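Heads up, the thing below is written out as structure tokens.
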Amino acid sequence: GQLYGDVLYFATEARAGWSHSDPRPLYFWGYFVGLNGVWVLVPVALLADACRHLAAAQRAADRPRHKAH
């Protein structure tokens, strides 16, 4: 949900021509992009980690099992 909200936040601001953000480079890149970008990077990192764990679990579940005689 956080990632979806951030994408909408950045997309609507880009569509508006960045009119609601401070045009000074320090404020734009430091505050608007940098500090808000953390809220994009953290969910992406967590999603990537979850996908790796899910893939490993699926590979383990898909291994053929040998019957003991």
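The values are calculated or read from the model by the stated rules, or taken from the named source; none is laboratory data. All values reported here derive from a predicted model rather than from experimental measurement. Glycine also receives a Cβ, built like all others from the backbone with ideal geometry; neighbour counts cover every protein chain displayed. Only protein heavy atoms, including side chains, enter the accessible area calculation; ligands, DNA and RNA are left aside. Shrake-Rupley method; radii C 1.70, N 1.55, O 1.52, S 1.80 Å.
Quick notes on this structure:
- Tally, over region 6-24, of residues that are open to solvent by less than 90 Å² (accessible area, probe 1.4 Å) and either in contact with a His (Cβ under 9 Å, 6 or more places away or on another chain) or without any contact (Cβ under 8 Å) to a residue 24 or more places away in the chain (or both): 10
- Given (1) in contact (Cβ under 8 Å) with a residue 24 or more places away in the chain; (2) open to solvent by 60 Å² or more (accessible area, probe 1.4 Å); (3) not small (Gly, Ala, Ser), number of the condition residue 36 does not satisfy: (2)
- Residues that are at pLDDT below 90, surrounded by 10 or more Cβ atoms within 10 Å (Cβ to Cβ) and hydrophobic (A, V, I, L, M, F, W, C) are absent from region 60-68 altogether.
- In region 43-59, the condition of being under 12 Å from the mean Cα position of the chain (by Cα), surrounded by 12 or more Cβ atoms within 10 Å (Cβ to Cβ) and small (Gly, Ala, Ser) is met by no residue.
- Residue check for residue 3: open to solvent by 50 Å² or more (accessible area, probe 1.4 Å) and outside any loop (DSSP other than H, G, I, E, B): no
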